[in-house]
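Undergrad: Before anything else, here's the structure in question.
The values are calculated or read from the model by the stated rules, or taken from the named source; none is laboratory data. As the structure is a computational prediction, the values presented were derived from the model and not from experiment. Cβ sites come from the backbone with ideal geometry, for glycine too, and all protein chains shown count toward neighbours.
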Amino acid sequence: MNKRNNLTDAAYLFRAAIPKNIIISFIGVINSDAETYLIKQVEEYLDSIKCRENTKGKIIEIMIEQLQNILHHSPKLGDDQLNGDIFELEKTEKGFIISTSNFIEKRKVAALTKRIDYLNTLNRDELNKLYQDILNNGNAVRETAGLGLIDMRRKSGKPIFFMFAPPSTLDNNYSLFTVKVLV
């Protein structure tokens, strides 16, 4: 089976069990091939519904940030362990929700919670200033937040919703981290 078929199979594995407002759902390993595939699928869907270019751009940019967070910050779990990478695009009455889930080390939960909570308190001007401060100082991750999270918050204009859940299939060193951003 080639890579495309593997990705297609994974993306639609549980399609019958997915609520109708979920447009695209992917469960499997998020790697660069999966990222490319998912971006193409989302772009094709947004084009098919004639989504406004401004909204389409925000969705794609936030999606890329979320997928990059998984690519760069997920622990490398062994082949015998469950991989918790999930991507979903949902269409609601209020807009689109871009969701991702992945495992993170439990020791990082408190700091990440603090960073996202802090970002969710900032207005647009404060977010822009923080973003520029980090760019100008050359320090991508500080006490306050990393650029990816700041960028998602800036582009959506809405709070980042998130939660941590301990997975039952792994030891106590990992939590399942879910992020949802409304556009």
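Undergrad: Would you tally the residues in region 83-103 being more than 16 Å from Phe161 (Cβ to Cβ) and within 16 Å of the chain's Cα centre (by Cα)? Outline the logic, then answer.
TA: Our first condition is that a residue be more than 16 Å from Phe161 (Cβ to Cβ); within region 83-103, this holds for 83-85, 91, 93, 103.
Next, only the ones that are within 16 Å of the chain's Cα centre (by Cα) stay: 83-85, 91, 103.
Of the residues in that region, 5 qualify.
Undergrad: Of everything in region 66-89, what is at pLDDT below 95, of a type outside the set (A, V, I, L, M, F, W, C) and in a helix (DSSP H, G or I)? Give them in sequence order.
TA: Answer for region 66-89, where residues must be at pLDDT below 95, of a type outside the set (A, V, I, L, M, F, W, C) and in a helix (DSSP H, G or I): Gln68, Asn69, His72, His73.
Undergrad: If you take the residues of region 16-65 that are basic (Lys, Arg) and closer than 21 Å to Met152 by Cβ, which of them is surrounded by the most Cβ atoms within 10 Å (Cβ to Cβ)?
TA: Filtering region 16-65 down to residues basic (Lys, Arg) leaves 20, 40, 50, 52, 56, 58.
Right, trim to closer than 21 Å to Met152 by Cβ and you get 40, 52, 56, 58.
On the way: Lys40: 11, Arg52: 9, Lys56: 19, Lys58: 21.
Only one residue tops the list, namely Lys58.
Undergrad: Turning to a different aspect of this structure: Condition first: closer than 18 Å to Leu71 by Cα and either free of Cβ contacts under 8 Å to residues at least 60 places away in the same chain or surrounded by 15 or more Cβ atoms within 10 Å (Cβ to Cβ) (or both). Now tell me which residues in region 90-130 satisfy that. Reasoning before the result, please.
TA: Pass one, region 90-130, residues closer than 18 Å to Leu71 by Cα: 98-106, 108-109, 112.
Selection gives Ile98, Ser99, Thr100, Ser101, Asn102, Phe103, Ile104, Lys106, Lys108, Val109, Leu112.
Undergrad: Hey, another quick one. Here are the criteria: (1) hydrophobic (A, V, I, L, M, F, W, C); (2) over 18 Å from Leu182 (Cα atoms); (3) modelled with pLDDT of 95 or more. Tell me which single one Ile160 does not satisfy.
TA: (2)
Undergrad: Can you tell me which residues in region 163-183 are among the β-branched types (Val, Ile, Thr), under 25 Å from Arg124 (Cα atoms) and either assigned to a strand (DSSP E or B) or modelled with pLDDT under 85 (or both)?
TA: Residues of region 163-183 that are among the β-branched types (Val, Ile, Thr), as a first pass: 169, 178-179, 181, 183.
This time we only want the ones that are under 25 Å from Arg124 (Cα atoms), so: 178-179, 181, 183.
Of everything in region 163-183, those that are among the β-branched types (Val, Ile, Thr), under 25 Å from Arg124 (Cα atoms) and either assigned to a strand (DSSP E or B) or modelled with pLDDT under 85 (or both) turn out to be Thr178, Val179, Val181.
Residue-by-condition table, conditions (1) on the phi > 0 side of the Ramachandran plot; (2) in a loop (DSSP other than H, G, I, E, B); (3) modelled with pLDDT of 90 or more; (4) not hydrophobic (A, V, I, L, M, F, W, C):
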site	(1), (2), (3), (4)
Leu13	no, yes, no, no
Phe26	no, no, yes, no
Val29	no, yes, no, no
Leu38	no, no, yes, no
Leu46	no, no, yes, no
Cys51	no, yes, yes, no
Glu61	no, no, yes, yes
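Undergrad: Oh, and also: If you go through region 90-118, how many residues are under 30 Å from Leu46 (Cα atoms) and part of a helix (DSSP H, G or I)? Can you show your working first?
TA: Let us first name the residues in region 90-118 that are under 30 Å from Leu46 (Cα atoms), namely 90-103, 116.
Now drop any that are not part of a helix (DSSP H, G or I), which leaves 116.
Count: 1.
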